[in-house]
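Peer 1: So that we are looking at the same thing, I have put the structure below in C-alpha cells.
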Amino acid sequence: MNAPASRRSIRGLTALLFAAIAGCVAGGGYDGGVDVGYGVDFYDVGGYDYGGWGPGYGVGPPRRGFDRGRPDGRERGAPHTAYRPASPSRSMPSLPSRSRGR
Amino acid sequence: MSSRYCGHDGFPTRASLGALWSLGVLWGIATMATAAAAATFVLPPLVQPASREHHEGKVIWADLVTPDVAGAKRFYGELLGWTFNDIHTGTSDYSVALLDGRPAGGLFQRAMRPGEQRQPAWLTFISVRDVAAAERHILAQGGKVLSPPRSYPDRGRQAVFADPQGAVFAVLQSSSGDPEDVLAAPGEWIWSSVITRDPDTDAAFYQNVFGYEVFEIPSTDGSTHVLLSTEDYARASLNALPGDGAKRHPHWLNFVRVNSAIDTAARVEALGGRVLVKPFRDRHGGLVAVVADPAGAPFGLLEWTDADSKEGAK
C-alpha cells in the first residue's frame, strides 16, 4: 500500500466513523424511523369552560332508532351545510350493541 | 513521504491506528446505547392477538399527557379500576392503563414548565389505514401537523394534528389491527365529542379526512350538533361550544362509560378531582357529566345501558 492511498483510506474510515457516531447521537428521527421517545409530549392550550352546559345540551350518542326529524322545521339535508349530509333514508346510527366475547 | 497518519514506510502509524480504534469503540457504544433505548420503549400492541379488523374513523385509543403520572395512576385506578404497566426510557415515562387485562389508555409523564399556560389533556387517537395519506388530507383541509408521523414497535404509526379550529387529535395506523366494534364495558372509553365553535365546517373537515357519514342531530337548545359515523356506528359528535364560544378553546372530549354518573362524579371529588358539569340527562335518557382529574385533565362520564344501543330502545 503506498502512502497517499493509505492516507486516503484512513481519512475515509475516520469520516465514516464520525458520520456513524453523529447519526447514532441524533437518533430516531421522524419519517421512516423508529422513535426512541414518545411524540405526544405537549399540553393542550386549555381554557376549557363548560359553562352553559346542562339540560337540553345533548352531547352523548343517540339511541339506535333516534328520530332524525328537526324540531325547528328546517328541511333535513338542506344544502347549506359545509358537509355532505347523510341520505334522509339512513337511520340515525348508535353505539355497537354487541358485548365483548359474544 | 510521511504525514500525520503514515510513517516513512507509507503504513499507518501507531497513533493513527489508536485514534481509529478509539473512534470504533465510541461508535460501538453509541450504537448499543441507541439500540437499548429503542428496545426499551416498546408500546404494547393495541389488539392481542392481532386482528385484521380496521375501522377507519373509529376512536381507538387515548393518551393522557400529565405532569403527575403517579397521581394519575392513583386517581384513575381507584375511580375506574384500572391497573397499570409502566414503560420507562431514558427520556420518557409512560404507563399503559388496563381494565381486566385489556389496554384502556396510556399515561405519559411530561413536566409542566414554570409559567406554562397549558393544560393536561387526554389525546384522542382516530384509526386510519395510512398515516401519510391522512396527513396529506388533513393539511389539504386546513389542519396542522403538531407531531409528524412516527413509528413505534408493535403499536404502529401515529401523528398528532390540530383541526382548522384548533382542536387537537391524533391518528393511529395500528399494526395489530383495531379493537372490535363492541359495546364498551363500564370503565372503558365509550364516546368522544368535538366541542367546537363551528360544528358545520368542522364536520366537513372530518368528513373529508376520514370519510364519515354526517348526521345532523335535532336539538332543543338552538345549537348545532352533528354526529360522525362509519360502518353504521356512531363514532363521535361535534357540538357547538355553549354560551360565549368565542372565548373557549375547541377540543376533543372523551367519555368513560359509568353505571352511575352521580356516584362517579362524587368519587371524582373525593379523589381530588373536580366536577366541571354536574350530571344531567342527555338525549339518550342517561346522565352525562364532565369532570377533571387532580391535574386538571377533563373527561366525560356517560351512563349507557346495554339496551340503549338496541333498535327501538326507549
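Peer 1: Among the numbered criteria (1) in contact (Cβ under 8 Å) with a residue 24 or more places away in the chain; (2) at the interface with chain A (Cβ under 8 Å from one of its Cβ atoms), which single criterion is violated by B:P242?
Peer 2: Here B:P242 clears every test but (1).
Peer 1: Let me ask something else. Just a yes or no: is a residue in segment B:160-180 facing another protein chain (nearest Cβ under 10 Å), farther than 19 Å from B:V226 by Cα, charged (D, E, K, R) and in contact with a strand residue (DSSP E or B) (Cβ under 7 Å, 6 or more places away or on another chain)?
Peer 2: Within segment B:160-180 (the criterion being facing another protein chain (nearest Cβ under 10 Å), farther than 19 Å from B:V226 by Cα, charged (D, E, K, R) and in contact with a strand residue (DSSP E or B) (Cβ under 7 Å, 6 or more places away or on another chain)), the answer is no, since none of the residues qualifies.
Peer 1: Looking at B:S95, B:S192, B:S127, B:S147 in this structure, which one is more than 24 Å from B:V226 (Cα to Cα) and more than 9 Å from chain A (Cβ to nearest Cβ)? First the steps, then the outcome.
Peer 2: On the way: B:S192 fails: more than 24 Å from B:V226 (Cα to Cα); B:S127 fails: more than 24 Å from B:V226 (Cα to Cα); B:S147 fails: more than 9 Å from chain A (Cβ to nearest Cβ).
Only one candidate passes the filter, namely B:S95.
Peer 1: Where residues in segment B:25-48 are modelled with pLDDT under 90 and within 30 Å of B:S229 (Cβ to Cβ), which of them is surrounded by the fewest Cβ atoms within 10 Å (Cβ to Cβ)? Please lay out each step first, then the result.
Peer 2: Start the filter on segment B:25-48 by keeping residues that are modelled with pLDDT under 90, which leaves B:25-44, B:48.
After this cut, where a residue has to be within 30 Å of B:S229 (Cβ to Cβ) as well, the list is B:43-44, B:48.
On the way: B:L43: 19, B:P44: 17, B:Q48: 13.
Ranking the qualifying residues of segment B:25-48, first place goes to B:Q48.
Peer 1: Okay, next question. Condition first: at pLDDT 70 or above and of a type in the set (D, E). Now tell me which residues in segment A:47-102 satisfy that.
Peer 2: Those that are at pLDDT 70 or above and of a type in the set (D, E): A:D49, A:D67.
Peer 1: Got a number for residues in segment B:164-179 being assigned to a loop (DSSP other than H, G, I, E, B) and buried (at least 17 other Cβ atoms within 10 Å of the Cβ)?
Peer 2: Here is the first cut: in segment B:164-179, the ones assigned to a loop (DSSP other than H, G, I, E, B) are B:164-167, B:175-179.
Still in the list and also buried (at least 17 other Cβ atoms within 10 Å of the Cβ): B:164-165, B:167, B:176-179.
Number satisfying all stated conditions: 7.
Peer 1: Just to verify a result, which residue in segment B:204-218, among those that are under 14 Å from B:D232 (Cβ atoms) and hydrophobic (A, V, I, L, M, F, W, C), is surrounded by the most Cβ atoms within 10 Å (Cβ to Cβ)? It would help to see each step written out before you state the result.
Peer 2: The initial filter retains those residues of segment B:204-218 that are under 14 Å from B:D232 (Cβ atoms), namely B:211-215.
Add one more test, that the residue is hydrophobic (A, V, I, L, M, F, W, C), and what stays is B:214-215.
Numbers: B:V214: 21, B:F215: 26.
Only one residue tops the list, namely B:F215.
Peer 1: Is it fair to say B:V182 is at negative phi and in a loop (DSSP other than H, G, I, E, B)?
Peer 2: On the way: at negative phi: yes; in a loop (DSSP other than H, G, I, E, B): yes.
In short, yes.
The values are calculated or read from the model by the stated rules, or taken from the named source; none is laboratory data. If you're wondering where the values come from, they're calculated on a predicted model, not measured in any experiment. In this analysis, Cβ positions are derived from the backbone assuming ideal geometry, glycine residues included, and neighbour counts consider all displayed protein chains.
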